[in-house]
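Okay, structure first, notes after.
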Amino acid sequence: MFNQYTGKTLPDYINSCRVEAAKKFLLETDITVSRLSIDTGYENIRTFNRAFKKMTGMSPVEYREKGG
């Protein structure tokens, strides 16, 4: 049912919300990537890095360095 309205599975939708929040924080703050992964709801940085790269095509560090 959720998939019909969003076009995504619930876990994919949650990850996309978390990554969008992380993108904003990466550009607007100097918080560390490891702290940011925790603040956006990931239990470990490896999972965060994988989800971020899957959705943006780059790592969180690359995203910050390129300015988005």
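Please state which one of Asp12, Asp39 is at negative phi, touching a helix residue (DSSP H, G or I) at 6+ places or on another chain (Cβ under 9 Å) and modelled with pLDDT under 95. First the steps, then the outcome.
Working: Asp39 fails: modelled with pLDDT under 95.
From the options Asp12, Asp39, the qualifying one is Asp12.
Check whether at least one residue in segment 10-29 is more than 12 Å from the chain's Cα centre (by Cα) and surrounded by 13 or more Cβ atoms within 10 Å (Cβ to Cβ), and report yes or no.
The answer is no, given that none of the residues of segment 10-29 is more than 12 Å from the chain's Cα centre (by Cα) and surrounded by 13 or more Cβ atoms within 10 Å (Cβ to Cβ).
Given the conditions (1) touching a residue at least 40 places away in the same chain (Cβ under 8 Å); (2) in a helix (DSSP H, G or I), which single one is not true for Arg35?
(1)
What number of residues within segment 38-68 are more than 21 Å from Asp12 (Cβ to Cβ), in contact with a Leu (Cβ under 6 Å, 6 or more places away or on another chain) and part of a helix (DSSP H, G or I)? Show your work before the answer.
Let us first name the residues in segment 38-68 that are more than 21 Å from Asp12 (Cβ to Cβ), namely 61-62, 64-68.
Next, from what is left, pick out any that are in contact with a Leu (Cβ under 6 Å, 6 or more places away or on another chain): 64, 68.
From what's left, part of a helix (DSSP H, G or I): 64.
Total meeting the criteria: 1.
The values are calculated or read from the model by the stated rules, or taken from the named source; none is laboratory data. Treat the numbers as computed from the prediction; the structure is a model and nothing was measured. Cβ atoms come from the backbone with ideal geometry, glycine included; neighbour counts cover every protein chain shown.
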